1. How would you classify the chain from its alpha-carbon gyration tensor, with a ≥ b ≥ c the square roots of the eigenvalues: rounded for a/c under 1.5, else prolate if a/b is greater than b/c, otherwise oblate?
2. Considering only Cα-Cα distances, which of the following residue pairs are longer than 29 Å: Lys21/Lys65; Lys90/Lys157; Lys48/Lys176; Lys48/Lys118; Lys21/Lys176; Lys48/Lys135?
3. Label 7 Å along Cα→Cβ of Ala134; region 178-193 residues with amide nitrogen under 18 Å?
4. Just want to confirm a number: the relative contact order over region 36-147, from Cα pairs under 8 angstrom separated by 6+ residues, in percent.
5. Could you give the dipole magnitude of region 1-159 about its Cα centre, charging the beta-carbon of Lys and Arg +1 and that of Asp and Glu -1, in debye to the nearest 20?
6. For Arg173 and Gln72, what does the FRET efficiency come to when R0 = 45 Å and r is the distance between their Cβ atoms, rounded to the nearest 0.05?
7. Relative contact order for the chain: what percent, with Cα pairs under 8 Å and sequence separation of 6 or more?
8. Using only the C-alpha atoms of region 89-205, find the volume of their convex hull and express it per residue in Å³.
Amino acid sequence: MRCAVFASGGGSNFQALLDRKEAGDLHVDITVLVVNNSGAGAVARAKKSSIPVVHCAPSHFQTEKRYIESLQQHLQQYGVELIVCAGYMKRLPPPVVHAFRNRILNIHPGLLPAFGGKGMYGERVHRAVLDYGAKISGITVHFADDEYDHGPIVLQKAVPVRDGDTPEKLAARVLKAEHANYWRAVEAVGNGRVRIEGRRVVGRI
Ligand code: GAR
């Protein structure tokens, strides 16, 4: 399965996937890294692993249509079959979501459907969890659909909230769980081990 990883930030989840490939645990091809921001730390990680990088953002184009066409061309050029969003903070355009129905994975740093939706990403999720007084948080890997943080859930892991947590401390604990688990979902989906029955994703993960 040929995968494109989409990232916007430091790219530690992308790195964790590369490390699992290196270790022989993950058997998908990571054919390209797509970023919407050339400053993304993920770019340096891709270069180090000789993975091509595509920098594609709406602001590079005069119209949304041209942006979408360009993104689709890149995906076609690399023969992408599965999109893996790893800290990608932009919403994918609807034509791409439709073309890759049930072939886009996203990781969210919380237990959906709580603390998800528009504007809920990165540090904001952890702050909201702490402000609410929740005792557990966690990670959710799900297929992306037209709505924010909404598609069928592939995998979830709980992470405890501890007394004295700050958003940074909780984020670090959650990120560790992301690194330990995202590859399992990518491997299961990439190797056709799961199927979708309504909202339920079933199979061996
Ligand atoms: C991760 O915690 C990921 O779950 C989150 O951004 C971080 C990226 O870290 N993604 C979202 O909030 C998307 N809604 P990374 O760049 O080091 O992988």
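A short reminder: the numbers here are calculations on the coordinates, not readings from a lab. What you see is a predicted model; the values in this text were computed from it and never measured. We place every Cβ from the backbone using ideal geometry, glycine too, and count neighbours over all the protein chains shown.
1. On the way: a/c = 1.44, a/b = 1.35, b/c = 1.07.
It comes out rounded by the Cα gyration axes.
2. Values: Lys21/Lys65 35 Å; Lys90/Lys157 24 Å; Lys48/Lys176 22 Å; Lys48/Lys118 33 Å; Lys21/Lys176 18 Å; Lys48/Lys135 39 Å.
Beyond 29 Å: Lys21/Lys65; Lys48/Lys118; Lys48/Lys135.
3. Once the point is set 7 Å along Cα→Cβ of Ala134, 178-179, 181-182 turn out to lie under 18 Å by backbone N, inside region 178-193.
4. Averaging sequence separation for qualifying contacts and normalising by length gives 22 percent for region 36-147.
5. Details: 17 positive and 13 negative charges, 45 e Å.
For region 1-159, the charge dipole is close to 220 debye.
6. On the way: r = 37 Å, r/R0 = 0.83.
Computed FRET efficiency for Arg173 and Gln72: 0.75.
7. Answer for the chain is 20 percent.
8. 97
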